[in-house]
């Protein structure tokens, strides 16, 4: 069986930490807009306290995805060679 991605696990827990207090507050008869604000604060506090490891894991995954190097240093040289060859062809064909 395939493992659940960390961001899905984290997101589901965050939603549950908002929805459960919201339902409880609404059942208690608190005004919906007040219940929503209080549930948001409760969910934020609970996720900050109890979801440290998943939050850090998601942050590491996002950092790795954003800072992935597109090509190794050896490819940079071949990119320059490819560009030089394209410029030479364009000059030879009279396009430049």
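Rounded to the nearest 10 degrees, the inclination of helix 6-27 to the longest alpha-carbon principal axis of the chain is 30 degrees.
Exposure proxy shown here: for 33, 7, the number of other Cβ atoms within 10 Å sets the order, fewest to most, as 33, 7.
Sorted fewest first by neighbouring Cβ atoms within 10 angstrom, 82, 36 come out as 82, 36. Given the alternatives (1) 16.0, 59; (2) 13.3, 46; (3) 26.1, 81, Rg and Dmax of the Cα atoms in Å as computed for this entry is given by (3).
Only the coordinates and a few stated rules stand behind these numbers; no lab work does. Quick caveat, the model's predicted, so the values are computed rather than measured. Note: ideal-geometry Cβ built from the backbone for every residue, glycine included; neighbour counts use all protein chains shown.
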